[in-house]
Every structure is written in C-alpha cells, then in structure tokens.
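Take a look at the structure set out below.
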Amino acid sequence: MSESEEDFKARAHIADARHSTIIQLAHGIAPADDSVLEQMSVGIDFITDFWRDKYLREYISAGGSKIKFITGQSGSGKTHLLHLLSNLARKEHFVTVSFSAKEVWLHDFKEIYLEILRQSDVLKILEDCSRKVINEMGFDWQDIPQGKVFIDYLGELGLADGITRREIRLQLKTLFLDNPLLDNNFALACSLICGGILGHPFLEQQSRQLLLSFLHGDSNVKLSSLRPLGLSASRITKFNARHMLRSLSEIIRLSGHAGLFITIDDVDILLDGSALNPMHYTKMKRDDTYESLRQLIDDIDSLHNIMFIFAFERALIDNENSGMKSYQALWMRVQNEIVSGKLNRFGDLLDLDSAASQMYDAEAIVQMSRKLARIVNSIDIDAQTINPEQVDEILQLAKTGGISIPRLVNRSTLGNIEGEKAHV
C-alpha cells in the first residue's frame, strides 16, 4: 500500500525536526524544543529555581523591577539559561519577550520597545482588560456568547440602560485614564480600544486600526488623524519609549498577568567590526547603546512588574576599546559586580564560567552527558555517556578557561556526529 501524502509530510516533518535538533546539539546551540531543553538541563537549577522564587514569584510580581546580565564564553549555556528562564516565567503567568541583538537594533530604545510591544500582543492584553471590566461590574465574561459584545449581551438582559453605560465608562476611566503610571496617549488609546471590545463606547473599525497602528509606532500614521480621537499629536521616540514601556507593563499587570519578562541575547554583537554585518555598530551607535543601557539602569526603579536579562560573551566586559569599559558612565554602574568575582545569586551579573565550578561537579557532568546521550539516542543517533576518565579530562580542560564545560561535555558525548547528520 502506497504511503499517503499526509503520512509522507508528517514523516518528513519529524525527520526535519530531528535533523534540526542534531545540528543544534552538535554545535552547542540551545535546542528550540522546550521539552528537549528541560530534559538536558543539569546543575543550573540552583540559579533558575532561586530566580523563580525570589524574583518571579516575589519581587517582580509584587511590583518590583530588575535588570540582570548573564555572561560567559561561547557554549557556556547563556542562551540555554535564557530559554529556561523564559519557560519558567511563562509558567508563572508572565508575558515573555525574547529576541537577539542580531535582529533588533539596541542603540535606539524605541526599537527595543516596539519589539517588546509586538511580541506582547497588546490586543490580547486589552481583551483581558475588558474581561476585568466585565467581572468588576458583577458579570462573568464566560457567560457572553462567542461573537457577541458585552453591551449587546446586556441588552438581551434588559440592562443596557444609561446607568449601566455610564458605569462602563467609569470603569474604563478608573482603569486607564486615571492611572498615573500610564502615558496620556497610551491610556486614551487603550480605553478607546477596550470600549470597542466591550461595545461601549462604540469604536469604528477604522479608528481601532488607527489606534493600534499608533501604539505599534507606525510611521505612516498621520498625527492630524489622532486629534479627532482625543490624542495629542505625538509619536513614539527614543526619548519617550521607556515611559511607554512603563505603560505597557502596567496594562499587562491590569490584564491579570504577573508582569513582563524580557530576555535579550547576543549583545556582544556590539563588538563585531565587520562592515558586512547588517547589524554593524559604528562607534556612535555603540556608545548610544551603552548610554541607553545606562539610562535603563538608572530608570529601572520607575518601572514596575518588569525584568530584563541581557546575555553576552565575556569579551563585551573585557574589551577596553569597544566593550563596556569604553563607556565610563555605564562601566561605573556595573564594575562592582564584575570586580567582586564572587557568585551572588542576588547580583546583577552572573558569569557562567565563574559559576561552573559550583554548577558542575563530576556527578553533574556525568548526568549532563547521560541526558544528552538519551536524547540523541531517541532520534536514532548513537551516543555514549562519558566515562570517569573523560570527566577528569573535562574538568582539567575547563580549568584552562579555553572551552566551557557544557561544550566539552557535548563534544565528548556526541563525538564525530557531524558525519552522521546526513543520515537523520
């Protein structure tokens, strides 16, 4: 019996996924599959569990804000840790945003904010806010039939009178317009969109799209078109982007989430001097990035329910000509974390190379290898758990500082896997 087209596509998809996983593992890249990522995590839980308990469950969800930096050489597990932390944050009901500095410019905070907004799905957040309004008025949003707005549902119950409509407007005013943490334009746009979701005050589809385009920083929006809706004629810029971010984190909290969790990887791209790189940073752009980071550090206490984690290779710290040391205003704010050299889980900088001795003893290294071998064997590639002699060799090589322990374990466990990838 011939194979159906659907079966063939399904089998091809599985083969592609296996091939992708093998490539990622062979090159020390954190696998995209969350289940694989968690299966192969060893030793790092003394960081992830601590940050989950102290930050996600307590400090950030209670209204605090934090910036942390993760550094280490290539293959030390920076991206792996970012993925794990994002997974934990989602489970703790945070809105999570993750991107690479290879994809988003960092010298203009407006670009960072717009990427955060894009991934946050502001319309879904405002839908959750509208449900909060419904609940505050003594109704259950789940009782409203799909496709029907709240005001029409009230009409069927004979409750869509002037008093009820006024109560809806008061709820929106309290939630958005009277909220001191919200930018005026941002608050009014959210109030109007939420009203449209509820069915009162009525909002035309064209106006709704205009407001969403404004929130997303669309440069094609004519400022004059905002005035009839009550908004002032202003755009999102690098100067007001942090204030807009505070507004975004506030509506995320209002929607019922614990907060906003943001990871930015590959910040060391600032050191890439190749003019062929589409994300090439000139000295001016690099200094603007450092200044933007400096401002974020200084302003972080004005934000609420938000956590930033930046990851980069150690060279961004050590390079005196182009790294953080080259921008004194930023270096003054981070140098104490770096000079101390002691692992402090409350500290603002986590050096995975320095922490390796506490994360990876001989038992943890064998466990890491065993988990890796099990995953690879499950996709029909032969891999063997390392032996005690290999463990000793890994520990000795790691002391030289040339290659990270996770990368050494990968190499020893996977062996010459490159030649086998073609058969996956």
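Rule-based calculations on the coordinates, nothing more; no lab input. Worth saying up front: this structure is predicted, and the values here are computed from it rather than measured. Note that each Cβ is placed from the backbone with ideal geometry, even for glycine, and that neighbours are counted across all protein chains shown.
Roughly speaking, what is the centre-to-centre gap between the range 264-318 and the range 60-115 when only Cα atoms are used, to the nearest Å? Between the Cα centre of the range 264-318 and that of the range 60-115, the gap is 12 Å.
Evaluated on the range 122-242, the Kirkwood hydrodynamic radius is 15.1 Å, with distances taken between all distinct Cα atoms. Once both labels are positioned 7 Å from their Cα atoms along Cα-to-Cβ, the gap between F239 and W105 label points is 1.8 nm. For the chain, a Gaussian network of Cα nodes joined below 10 Å ranks I264, I297, I60 by mean-square fluctuation, and the top entry is I297.
The C-alpha atoms of the chain define a longest principal axis, and helix 405-414 lies at about 70 degrees to it. For the range 210-360, the relative contact order works out to 19 percent when only alpha carbon pairs closer than 8 Å and six or more residues apart are counted. Helix 184-198 and the longest principal axis of the C-alpha atoms of the chain enclose an angle of approximately 80°. Relative contact order for the chain: 27 percent, from Cα pairs under 8 Å spaced at least 6 residues apart, divided by residue count. Quick one: Debye curve from the C-alpha atoms of the range 239-296, no solvent, what's log10 I(q)/I(0) at q = 0.14 Å⁻¹? Debye curve over Cα of the range 239-296, log10 I(q)/I(0) at q = 0.14 Å⁻¹: -0.57.
Counting only chymotrypsin sites (Phe, Trp or Tyr not before Pro) that DSSP places in a loop and that have at most 12 other Cβ atoms within 10 Å, the longest clean stretch of the chain runs over 1-201.
Exposed loop sites, defined as GluC sites (Glu not before Pro) outside DSSP H, G, I, E and B with at most 11 other Cβ atoms within 10 Å, are absent from the longest region of the chain, namely 4-203. The helix-only estimate of mean residue ellipticity at 222 nm for the chain, built from DSSP H runs of length n ≥ 4 each weighted as -39500 (n - 2.57), is -15500 deg cm²/dmol after division by the residue total. Straight-line cross-link partners of K285 among the lysines, defined as a Cα under 19 Å from its Cα and at least 8 positions apart when in the same chain: K102, K110, K238, K325. Among beta bridges from DSSP that stay inside the chain, the antiparallel ones total about 0%.
Label-to-label distance for A362 and L276 is 4.7 nm, based on points extended 7 Å past Cα in the beta-carbon direction.
Shown here: the chain, whose C-alpha atoms stretch 80, 70, 42 Å along the first, second and third principal axes, sorted largest to smallest. Placing a pseudo-label 7 Å from each Cα along the Cα-to-Cβ vector at M137 and Q384 gives an inter-label distance of 7.0 nm. Between 0 and 90 degrees, the angle of helix 78-91 with respect to the longest Cα principal axis of the chain falls at about 40 degrees.
Listed by chain and number, the lysines whose C-alpha is less than 18 Å from the C-alpha of K399, apart from same-chain residues fewer than 8 away, are K342. Assuming 0.890 mPa s and 25 °C, estimate D for the range 280-416 with Stokes-Einstein, Rh taken as the Kirkwood radius over Cα pairs, in µm²/s. D, rounded to a whole number, is 137 µm²/s. For the range 46-146, the share of alpha carbon pairs falling in successive 5 Å distance bins from zero is 2, 9, 14, 18, 18, 16, 9, 6, 4, 2, 1, 0 percent.
Cross-link reach is defined here as a Cα-Cα straight distance under 20 Å, omitting same-chain residues fewer than 8 places apart; for K124 the lysines meeting it are K91, K132, K148, K173. If the elastic network links every pair of Cα atoms under 10 Å, which of I144, I338, I112 fluctuates the most in the Gaussian network model of the chain? Highest fluctuation among the options: I144. Normalised by the residues of the range 133-282, what does the relative contact order come to in percent, with Cα pairs under 8 Å and at least six apart? With pairs under 8 Å counted, the relative contact order is 16 percent.
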